[in-house]
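The values are calculated or read from the model by the stated rules, or taken from the named source; none is laboratory data. Please read all numbers here as calculations on a predicted model, not as lab measurements. Backbone-built Cβ (ideal geometry, glycine too); neighbour counts: all protein chains shown. Note: accessible area is taken over every heavy atom of the protein model, side chains too, but ligands, DNA and RNA are not part of it. Shrake-Rupley method; radii C 1.70, N 1.55, O 1.52, S 1.80 Å.
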Amino acid sequence: ADLVGRMTAAEKLGLLAHATPADDPTPANANVSAALQASIAAGIRYGRTAASNAQLTPRATWANNVQALCEASSLGIPFVLSMEPAHGSGNGRTKARGFSQWPNELGLAASANLAVVEGFGQVVSQEYRAIGVRMALSASANLATEPRWFGAQFTFGEDGAQVADRVGAIVKGLQGTTLGRAGVAAVVAGFP
C-alpha cells in the first residue's frame, strides 16, 4: 500500500517540522525525553541534536533509542538526526566532545586543496554516522564579500568559483558520489 496515502494530515505535517530536542544523553541515562517522545508520537521525524558535550557512546545509544521509538510507530518512519558544524571551536562554535578538531571553513579554503576539503567531509560523515546523525546542516555557500561580517569565517571565501568548488568537495565528502547508507545528507545554506 502507498505510505503517503495511509498517512494522516497530522503525520504529513509532522514531516515538515525540524525539532531541536533538548536531550543530553549521559552514560547513566541515554533515554529519550518525554518531550521528544511526544514529538515522535506527533509524527515529527527530523531533529537537530545539540548535545555537543555528551560522550559519544551515550549519544549513539540515545540515537538508537530514538530510532526504536520510530520503528515501533504505526508507519515506522525513521528519525533523521541533524547537526550543526561540530568539528571546530571558537567564534561561536563548540567542538563536539569526541570529534576530531578542524579549522573553520575559511581555514580549509586557505589550503587551496580540494582533496583536503573533501577529506574533511569524509571524516565528518564518518563521525556523524557513528552517533546516528544522518544530516549535516552545512556547508555554507555564502560569499565573504563584506570584511566586517562575522560569518565570513564560516564561508569558503569570496570568489564564487572557488567557493562553488569547495562546497562541491565537502558535499562529495559528506554524501559520497551518490547519497546512500554510507553518506550524510548535506544541507547547503546561504546561497549568495
| Residue that is closer than 19 Å to Ser138 by Cα and in contact with a strand residue (DSSP E or B) (Cβ under 9 Å, 6 or more places away or on another chain), where the choices are Ala50, Ala54 | Ala50
| request: For the range 99-108, state whether one or more residues are in a loop (DSSP other than H, G, I, E, B), closer than 28 Å to Val66 by Cα and either open to solvent by 50 Å² or more (accessible area, probe 1.4 Å) or touching a strand residue (DSSP E or B) at 6+ places or on another chain (Cβ under 9 Å) (or both). | output: yes
| request: Working only within the range 164-192, note down all residues that are over 14 Å from the mean Cα position of the chain (by Cα) and of a type in the set (Val, Ile, Thr). | output: Val167, Thr177, Thr178
| message | Need pairs with beta-carbon distance below 7 Å; first residue closer than 22 Å to Phe154 by Cα and within the range 178-192, second loosely packed, with under 14 Cβ neighbours inside 10 Å and modelled with pLDDT of 90 or more; sequence gap 6+ or separate chains. | response | Pro192/Gly160
| task | Taking Gly132 as the residue in question, decide whether it is open to solvent by less than 40 Å² (accessible area, probe 1.4 Å), free of Cβ contacts under 8 Å to residues at least 40 places away in the same chain and under 30 Å from Val32 (Cα atoms). | result | no
| query | Does Leu69 count as within 19 Å of Ala22 (Cβ to Cβ), outside any loop (DSSP other than H, G, I, E, B) and either within 12 Å of the chain's Cα centre (by Cα) or at pLDDT 95 or above (or both)? | reply | yes
| query | Out of all the residues in the range 1-28, which are within 25 Å of Thr94 (Cα to Cα) and more than 23 Å from the chain's Cα centre (by Cα)? | reply | Ala28
| said: Return the residues of the range 32-52 that are open to solvent by 60 Å² or more (accessible area, probe 1.4 Å) and polar (S, T, N, Q); say none if nothing qualifies. | reply: Gln37
| field | Which listed residue is assigned to a loop (DSSP other than H, G, I, E, B), out of contact with any Ser or Thr (no Cβ under 6 Å at 6 or more places or on another chain), open to solvent by 30 Å² or more (accessible area, probe 1.4 Å) and of a type in the set (Asp, Glu), from Glu127, Glu158, Glu146, Glu118 | value | Glu146
| query | Within the range 11-27, is even one residue among the aliphatic types (A, V, I, L, M), open to solvent by 30 Å² or more (accessible area, probe 1.4 Å), under 19 Å from Ala54 (Cα atoms) and modelled with pLDDT under 95? | reply | yes
| remark: Within the range 161-181, the count of residues that are within 28 Å of Pro78 (Cβ to Cβ), open to solvent by 20 Å² or more (accessible area, probe 1.4 Å) and at pLDDT 95 or above comes to 5
